1. Go through the range 66-81 and give me each residue that's under 12 Å from SER24 (Cβ atoms) and at pLDDT 95 or above.
2. Just name the residue that is most open to solvent (accessible area, probe 1.4 Å) out of those in the range 62-81 that are closer than 11 Å to ARG46 by Cα and among the small types (Gly, Ala, Ser).
3. Across the range 8-27, which residue is surrounded by the most Cβ atoms within 10 Å (Cβ to Cβ) among those that are under 13 Å from GLN75 (Cβ atoms) and among the aliphatic types (A, V, I, L, M)?
4. Would you say ALA18 is free of Cβ contacts under 8 Å to residues at least 40 places away in the same chain, out of contact with any helix residue (DSSP H, G or I) (no Cβ under 7 Å at 6 or more places or on another chain), of a type in the set (A, V, I, L, M, F, W, C) and assigned to a loop (DSSP other than H, G, I, E, B)?
5. Can you tell me which residue within the range 26-65, out of those that are within 13 Å of VAL3 (Cα to Cα) and not in a helix (DSSP H, G or I), is nearest to the chain's Cα centre (by Cα)?
6. Condition test on ASP44, is it of a type outside the set (A, V, I, L, M, F, W, C) and exposed (fewer than 15 other Cβ atoms within 10 Å of the Cβ)?
7. With the checklist (1) open to solvent by 40 Å² or more (accessible area, probe 1.4 Å); (2) in contact (Cβ under 8 Å) with a residue 24 or more places away in the chain; (3) at positive phi in hand, flag the one item LYS59 doesn't pass.
8. In the range 1-15, which residue that is assigned to a loop (DSSP other than H, G, I, E, B) and modelled with pLDDT of 95 or more is farthest from TRP38 (Cα to Cα)?
Amino acid sequence: MSVTDEEIAAMLMALAHARGPGKSFCPSEAARRLSDDWRPLMADIRRVAAGLPLAATQKGVPVAPVQARGPIRLQLEQGTD
């Protein structure tokens, strides 16, 4: 089963809203909920996240989700409810 960008976006935003403002989550959480074979989804997860009102950080420092290497965290951008 392939996962669409719309499904990825919906899952990312659902996780972000469930956590609430100021709380982050690992993008792999979305991938794991979308597929048992989640690792191949990670590039798409990061690509889709880059177009959403989500802030990406690595060790607390803002990063671009697609260009960042290593683990990142995502959270709602400030002012997004």
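1. Across the range 66-81, the qualifying residues are PRO71, ILE72, ARG73, LEU74, GLN75, LEU76.
2. The residue in question is ALA64.
3. Checking each candidate, the answer is ALA16.
4. For ALA18, the condition - free of Cβ contacts under 8 Å to residues at least 40 places away in the same chain, out of contact with any helix residue (DSSP H, G or I) (no Cβ under 7 Å at 6 or more places or on another chain), of a type in the set (A, V, I, L, M, F, W, C) and assigned to a loop (DSSP other than H, G, I, E, B) - is not met.
5. Per the criteria, the residue is TRP38.
6. Working: of a type outside the set (A, V, I, L, M, F, W, C): yes; exposed (fewer than 15 other Cβ atoms within 10 Å of the Cβ): no.
Here the answer is no, as ASP44 does not meet what is asked.
7. That leaves (2) as the condition not met.
8. At the first step, the residues of the range 1-15 found to be assigned to a loop (DSSP other than H, G, I, E, B) are 1-4.
Of the ones still in play, those that are also modelled with pLDDT of 95 or more are 3-4.
Numbers: VAL3: 10, THR4: 13 Å.
Of everything passing the filter in the range 1-15, THR4 is farthest from TRP38 (Cα to Cα).
The values are calculated or read from the model by the stated rules, or taken from the named source; none is laboratory data. Since the model is a prediction, treat every value here as computed from it, not as a measurement. Because the Cβ atoms are built from the backbone with ideal geometry, glycine has one as well, and the counts that use them run over all protein chains shown. Each accessible area value is taken on the protein alone, full model and side chains, heavy atoms only, with ligands, DNA and RNA left out. Shrake-Rupley method; radii C 1.70, N 1.55, O 1.52, S 1.80 Å.
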